[in-house]
Amino acid sequence: MLCAVYKSLKKDSTYLYVQRRDDFSAVPDVLLKTFGTPVLVTLLNLAKREHLALADIDKVRQQLSEQGYYLQLPPPEDNLLAQHKASLSGLS
């Protein structure tokens with residue numbers, strides 16, 4: 001299964017996987033507006049891969065097959081204040 005991966009210039013660390021290069025027909029218009037102008041990053045053959053760096057490859061394959069696209073969002077940021085408060089409460 002081949003796919004094209006695009007990055008968003010509006011949303012940091014956000015990527016859009018589509019089945020064919022420059023074919024965004026399956027992607028909802030609202031999502032494309034939020035995503036901004038897609039910038040091609042790479043073409044991937046998912047059939048020859050066992051994993052991806054920051055996405056579950058099985059979920060990517062499934063969503064590409066079922067809905068025609070996959071949106072990869074950045075991982076949630078660590079809440080350093082909450083971690084610090086938790087470490088302080090453990091000291092008491």
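If the condition is being touching a residue at least 40 places away in the same chain (Cβ under 8 Å) and of a type outside the set (Val, Ile, Thr), then the range 25-39 contributes Ser25, Ala26, Leu31. Within the range 1-39, the set of residues being part of a strand (DSSP E or B), at pLDDT 95 or above and either of a type in the set (Gly, Ala, Ser) or within 16 Å of Leu64 (Cβ to Cβ) (or both) comprises Cys3, Ala4, Val5, Tyr6, Tyr15, Leu16, Tyr17, Val18. Condition (residue is under 17 Å from Met1 (Cα atoms), β-branched (Val, Ile, Thr) and in contact with a Cys (Cβ under 7 Å, 6 or more places away or on another chain)) applied to the range 51-63: is it met by at least one residue? No, every residue in the range 51-63 fails to be under 17 Å from Met1 (Cα atoms), β-branched (Val, Ile, Thr) and in contact with a Cys (Cβ under 7 Å, 6 or more places away or on another chain).
When Thr14 is tested against (1) free of Cβ contacts under 8 Å to residues at least 60 places away in the same chain; (2) surrounded by 15 or more Cβ atoms within 10 Å (Cβ to Cβ); (3) within 23 Å of Pro76 (Cβ to Cβ), just one condition goes unmet, and that condition is (1).
Residues of the range 63-92 that are outside any loop (DSSP other than H, G, I, E, B) and either touching a Lys or Arg at 6+ places or on another chain (Cβ under 8 Å) or over 23 Å from Asp29 (Cβ atoms) (or both): Tyr70, Leu80, Leu81, Ala82, Gln83, His84, Lys85, Ala86, Ser87, Leu88, Ser89. Within the range 45-65, being out of contact with any strand residue (DSSP E or B) (no Cβ under 9 Å at 6 or more places or on another chain) and surrounded by 10 or more Cβ atoms within 10 Å (Cβ to Cβ) holds for Arg49, Asp56, Ile57, Asp58, Ser65. Evaluating Thr42 against the criteria (1) exposed (fewer than 12 other Cβ atoms within 10 Å of the Cβ); (2) free of Cβ contacts under 8 Å to residues at least 12 places away in the same chain; (3) of a type in the set (Val, Ile, Thr) leaves one unmet condition, (2).
Just so you know, in the range 40-59 the residues that are modelled with pLDDT under 95 and aliphatic (A, V, I, L, M) include one that is farthest from Pro74 (Cα to Cα), and it is Ala47. Of all residue pairs spaced 6 or more apart or on separate chains, those with beta-carbon atoms under 7 Å, a first member in the range 70-92 that is modelled with pLDDT of 75 or more and a second member that is assigned to a helix (DSSP H, G or I) are Tyr70/Val60; Tyr70/Gln63; Tyr70/Leu64; Leu71/Leu31.
The values are calculated or read from the model by the stated rules, or taken from the named source; none is laboratory data. All figures in this text were calculated on a predicted structure; none of them were measured in a lab. No Cβ is skipped: glycine too gets one built from the backbone with ideal geometry, and neighbour counts run over all protein chains shown.
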